[in-house]
Each structure stands twice: as C-alpha cells, then as structure tokens.
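Working notes for the structure below.
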Amino acid sequence: MFPSDEIWHTDSTSGADHECYDDKPHEECGVFGASTPLGEGLGQLAFFGLFALQHRGQEAAGIAISDGSRVRVHKDSGLVSNVFTPATMAGLTGYHAIGHTRYSTTGGNSHKNIQPFVVETMHGPLAVAHNGNLVNAAALRDELLSRGFGLTATSDTEVITLMLAAAGGRTWEDRVERTLPAWKGAFSLVMLVNDRVIAVRDPWGFRPMHVGRLPHGGYAVASETCALNTLGCLEIDEVRPGEIVTLQGAEMHRRQALTPAATPARCTFEFVYFSRPDSNWAGHNVHHVRQRLGEQLAMESGVDADVVIPVPDSSIPAAIGYSRQSGIPHNDGLIKNRYIGRTFIEPTQDLRERGVALKFNALSENLAGKRVVMIDDSLVRGTTAGPLVKLLRDAGATEVHLRITCPPITDACHFGVDMGHDGDLMAARLTVEEMRELIGADSLHFLSLEGMMTAIEPASGGASTGYCNGCFTGQYPMPVDEAPPKLRFEGALA
C-alpha cells in the first residue's frame with residue numbers, strides 16, 4: 001500500500017547515512033481540499049482524504065482549515081496517522097480545508113518545507129499545497145529575492161505562495177489566473193483562503209487531479225479518485241488542464257484560465273507505479289492498466305518457467321497479467337513486511353548487511369526447484385534487484401528471470417518525481433546485458449515503450465501522444481535547462 005516505504009531513514013542532523021532499500025522513484029506528494037456548507041467533521045474528512053493518499057509521500061503531512069475568518073494549520077514530519085492525533089484534530093474545525101502529504105523533490109526533507117505553506121496577505125490568509133515541480137523555480141525565486149521578498153524555505157511551493165500573495169486582481173481567482181502563465185512545469189495545487197478552496201492544474205496535465213460532490217453537501221478535490229471514493233463522493237470528474245475550480249460550501253465554480261497544451265503530458269509513471277490501483281485517470285483504471293502491462297510483457301519476453309511472482313505490492317496486478325498471458329502459474333514468492341514503514345533507529349551492522357531481507361522474506365515452499373519469473377515495475381539505481389535475486393536463489397530457485405513493466409529509466413524527471421540524477425540511474429550507465437550480469441539474473445527484459453503505451457492506451461497503437469515519457473527517452477514536453485537540482489536552494493538556509 002505504501003510503495004515509497006523505507007527500511008530506515010536516519011536523522012540527517014546526526015551525520016548518519018541515509019539508507020533506502022526500496023530503489024523506487026518517489027512521488028512528491030498528494031493534495032486534498034474540501035469545502036462544506038455545514039463544516040461538521042471537515043477535519044476528519046481531510047484526515048481520511050490524506051490517509052487515502054499516504055502512498056504518494058510519507059515524509060510529512062499537514063492540514064490547514066478555515067472557519068471563514070481565521071485559518072488554523074497543523075503539520076509535522078511523519079505519516080498521516082502519526083501527525084494527527086485526537087488532540088490535534090480537536091482544533092481543526094471549520095468549513096474549508098486543504099491537506100498535503102509530502103515526499104520532497106525541490107527542497108530537502110526538513111520542517112521548513114512541510115506543507116501547506118500559510119502566509120498572511122493584504123487580502124487575508126492564504127494557504128497553498130502543491131503536487132509537482134516547477135522547472136523555472138530558480139528564476140522565479142531569484143526574481144522574488146530581487147524584489148525584496150524574504151524566503152524562509154527551499155521549496156518551489158513557497159515561491160508559488162509568495163507570487164500569489166503579491167499578485168494583483170480583485171479576487172483570488174483573478175490573482176491565480178494572472179500568475180499562472182509564469183509557472184512552467186507540473187503543478188496540481190490546492191489553495192485555502194478565508195471562505196473557499198481553490199484548485200488549479202497546469203495546462204500540460206502532468207499530475208492527476210479530480211473533484212467530486214460530497215454525499216452530505218459540499219465538494220472535495222484530490223490528487224486521486226481513491227481519496228474521493230473513500231469519502232463517498234459522487235459525480236467525480238477530472239480537473240481539466242489549465243482549469244481553476246472554486247469550492248465554496250454547497251457551490252462549485254469552474255473557470256478555464258489557460259488554454260490546455262496542444263499535446264497533454266500525463267505522467268506514465270502514475271499508471272506504472274505511483275497511483276493506487278483502485279484509482280482512475282484519463283478514463284482508465286490503474287489496476288487494469290497494470291494487468292495489461294504484464295500481458296504486454298509476457299508477449300514481448302516469453303521464457304520457459306514454472307512460476308510467476310511479483311515484487312509486492314505494486315507489481316501484483318502485472319504479475320497476474322503476465323501469468324494469464326503466458327499460461328505460467330502465478331504465486332507468491334516474496335512476502336513484504338508492510339509495517340516496517342520508516343524508522344529513525346539505525347540497524348546493527350549484521351542487520352544492515354541483510355539489506356532487503358529486513359523488508360522481504362522468500363517463500364521457499366513456492367520457489368525451491370522452480371524456474372522463476374519475477375515481475376517488478378521499475379529498475380532505478382539497481383540496489384534492490386540483485387539482493388532480491390539472491391534471496392530467491394537462496395530459497396531454492398533454480399533460475400530467476402527478471403521482467404520490468406516499463407522501459408529502462410535513462411533520464412531524470414524534472415516534473416515532480418525524485419528518480420535521482422542521470423548518473424544515478426542504472427540504465428543510463430549500463431547496457432541491459434551489463435545490468436543482467438550485475439544483478440545476477442538468468443535473463444532481464446524491460447517492456448518496450450510501444451508495449452507500455454499500448455497497455456496504457458490500447459487504441460494508441462503504441463504512440464506516446466498525450467503522455468510524458470521523458471525519463472525513458474530524454475525527450476521532455478518543454479525545455480528543462482532551467483530545472484534546479486533537488487537541493488539547489490538548500491545552501492543559504494542550511
């Protein structure tokens with residue numbers, strides 16, 4: 001359920017090494033907003049909306065809520081269930097709320113970068129939460145500094161917040177519309193002002209965002225449909241690229257502020273890995289897409305084997321699809337400790353050397369004497385694949401064939417996914433055969449770009465039109481020369 005879980009994450013202030021054994025791309029965050037005419041239980045609605053988006057980021061969480069005259073905010077490092085307690089929830093009452101769960105992509109994992117950002121403006125309070133990444137954040141930040149603005153954080157979300165606070169216009173919607181053209185990159189935003197919630201999505205549509213009607217009045221907006229379904233929302237619809245949606249009690253107003261890009265740039269990794277399998281986007285159910293990814297993989301990379309196993313949990317649907325297409329039985333081969341989460345307790349050297357065995361155990365009864373096809377959704381730095389192959393061999397597997405449900409990741413993402421830099425990426429440095437040899441698998445095969453797009457959009461004929469595949473091809477929907485490294489702004493505010 002939590003694809004970004006880490007085995008441990010030692011305190012950066014202690015000088016201990018940051019260790020991560022999941023070797024997955026990390027999503028920046030999930031955003032949520034809601035407005036109701038009665039306000040009763042709105043804090044709880046926001047909590048459960050964020051809880052449903054926990055898989056999008058586990059570094060920090062926050063909720064800002066307004067009773068019409070004053071904004072209250074509570075945010076802290078940790079999982080949603082740890083950040084919000086009955087005591088903290090008691091003070092979060094009001095009619096309008098936004099929330100955020102974070103994994104950092106611009107700006108480090110520090111308290112100053114936890115969202116929502118809240119500022120007081122001449123027009124009243126403003127709170128902002130953001131999913132995505134601005135490629136021109138450095139230039140916008142420099143412009144704010146040159147105009148005398150003081151910045152206290154290192155996140156592009158603070159830049160967005162201060163630009164909105166300084167914008168001209170009669171209403172907040174006018175200020176948003178005036179500021180939108182300056183932002184280049186990926187952004188699905190929720191904003192809280194005294195008497196309403198405002199949501200906006202970039203004209204390229206990089207990140208998902210949906211709005212729905214709450215069953216007892218009012219409206220909610222969220223990164224994924226799974227959060228809206230959790231709350232029982234009706235009439236769920238996608239927020240259109242370039243659209244501003246205002247939620248105000250029992251009313252919802254929609255304004256097309258920017259013309260959508262001629263060619264959308266939806267992130268394919270939402271289907272491959274990030275989104276929860278019960279979410280829907282662009283008219284497709286994520287779980288069904290992942291099954292089709294497995295089917296395509298079986299058609300492209302057939303091999304004689306006895307059992308198909310997933311790397312749990314995100315690869316389970318693809319393993320089912322691979323098994324169905326290939327006729328090779330599907331079974332569990334790896335059991336995941338779903339409760340390990342992230343801990344600030346550093347392991348002993350003996351445990352450190354066990355690596356992925358802290359997170360996965362192999363089922364020798366299902367593996368011994370078997371030729372195994374292991375399905376995973378991605379291969380980023382390659383730090384996990386080798387130990388997993390060894391785990392299977394130690395459990396008695398006679399052959400291990402690794403199959404990946406996307407093409408090799410050769411280039412960094414600049415639109416809200418923390419994959420590391422080009423030099424960190426295994427496929428940017430090595431051929432497939434070199435990767436196979438290093439990992440120790442009997443064979444290694446990645447799904448082709450055409451096969452992946454056929455699974456996502458069956459009618460596309462394998463074309464990438466409408467999607468961003470920059471991490472696979474190095475061809476981005478817009479210039480990324482200005483895109484700052486993740487920790488670009490950390491120096492002065494260290």
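The values are calculated or read from the model by the stated rules, or taken from the named source; none is laboratory data. Remember, predicted model here, so these are calculated numbers, not experimental data. Positions of Cβ are backbone-derived with ideal geometry, glycine not excepted, and every protein chain shown enters the neighbour counts.
Might you let me know whether segment 178-189 holds any residue that is in a loop (DSSP other than H, G, I, E, B), polar (S, T, N, Q) and in contact (Cβ under 8 Å) with a residue 24 or more places away in the chain?
Looking through segment 178-189, none of the residues is in a loop (DSSP other than H, G, I, E, B), polar (S, T, N, Q) and in contact (Cβ under 8 Å) with a residue 24 or more places away in the chain.
Filter segment 195-204 for residues that are among the basic types (Lys, Arg) and surrounded by 24 or more Cβ atoms within 10 Å (Cβ to Cβ) and give the result.
Looking only at segment 195-204, we keep the residues that are among the basic types (Lys, Arg), and these are 196, 201.
Across segment 195-204, the qualifying residue is only Arg201.
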Scanning segment 205-236 for residues that are more than 22 Å from Ile65 (Cβ to Cβ) and surrounded by 24 or more Cβ atoms within 10 Å (Cβ to Cβ) gives Gly205, Phe206, Arg207, Pro208, Thr225
Considering segment 455-474, residues that are assigned to a loop (DSSP other than H, G, I, E, B), polar (S, T, N, Q) and at pLDDT below 95, and then whichever is surrounded by the fewest Cβ atoms within 10 Å (Cβ to Cβ), we arrive at Thr465
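From the list Ala265, Ala298, pick out the single residue that is at negative phi and touching a Pro at 6+ places or on another chain (Cβ under 6 Å). Give the derivation first.
Details: Ala298 fails: touching a Pro at 6+ places or on another chain (Cβ under 6 Å).
Criteria check complete, one pass: Ala265.
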Log entry, pairs with first residue in segment 279-301 being within 17 Å of Asp376 (Cβ to Cβ) and not assigned by TED's automatic domain parsing to the domain that holds Leu53, second being of a type in the set (A, V, I, L, M, F, W, C) and outside any helix (DSSP H, G or I), beta carbons closer than 7 Å, six or more apart or on different chains, reads Leu293/Leu447; Gly294/Ile375; Gln296/Leu447; Leu297/Leu447; Glu300/Leu447
message: So for segment 183-196 (the condition being closer than 28 Å to Asn280 by Cβ, within 19 Å of the chain's Cα centre (by Cα) and of a type in the set (S, T, N, Q)), does at least one residue qualify?
response: yes
Among helices (runs of 4 or more DSSP H) entirely within segment 370-439, at least 1 residues that are at pLDDT below 95 and within 24 Å of Phe274 (Cβ to Cβ) occur in 385-394, 426-429
Log entry, pairs with first residue in segment 214-237 being farther than 19 Å from His100 by Cα, second being part of a helix (DSSP H, G or I) and not aromatic (Phe, Trp, Tyr), beta carbons closer than 6 Å, six or more apart or on different chains, reads Ile236/Thr225; Ile236/Leu228
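Gly218 - would you say it is of a type outside the set (Val, Ile, Thr), under 18 Å from the mean Cα position of the chain (by Cα) and on the phi > 0 side of the Ramachandran plot? Full working, then the answer.
Numbers: of a type outside the set (Val, Ile, Thr): yes; under 18 Å from the mean Cα position of the chain (by Cα): no; on the phi > 0 side of the Ramachandran plot: yes.
Considered against the rule, which asks whether it is of a type outside the set (Val, Ile, Thr), under 18 Å from the mean Cα position of the chain (by Cα) and on the phi > 0 side of the Ramachandran plot, Gly218 comes out as no.
Filter segment 238-275 down to the residues that are among the basic types (Lys, Arg) and not assigned by TED's automatic domain parsing to the domain that holds Gly185 and list them by number.
Residues of segment 238-275 among the basic types (Lys, Arg): 240, 254-255, 266.
Correct list: Arg266 only.
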Any chance Asp442 is within 14 Å of Phe269 (Cα to Cα), surrounded by 14 or more Cβ atoms within 10 Å (Cβ to Cβ) and either of a type outside the set (Gly, Ala, Ser) or at pLDDT 95 or above (or both) = no
Looking at segment 263-272, is at least one residue assigned to a loop (DSSP other than H, G, I, E, B), within 24 Å of Arg56 (Cα to Cα) and not polar (S, T, N, Q)?
yes
Next on the checklist: Residues that are farther than 23 Å from His253 by Cα, touching a strand residue (DSSP E or B) at 6+ places or on another chain (Cβ under 6 Å), in a loop (DSSP other than H, G, I, E, B) and in the same structural domain as Arg56 (by TED's automatic domain parsing): does segment 154-161 have at least one?
Outcome noted: no
The one condition Leu50 fails out of (1) closer than 24 Å to Ala250 by Cα; (2) under 18 Å from the mean Cα position of the chain (by Cα); (3) in a strand (DSSP E or B) is (3)
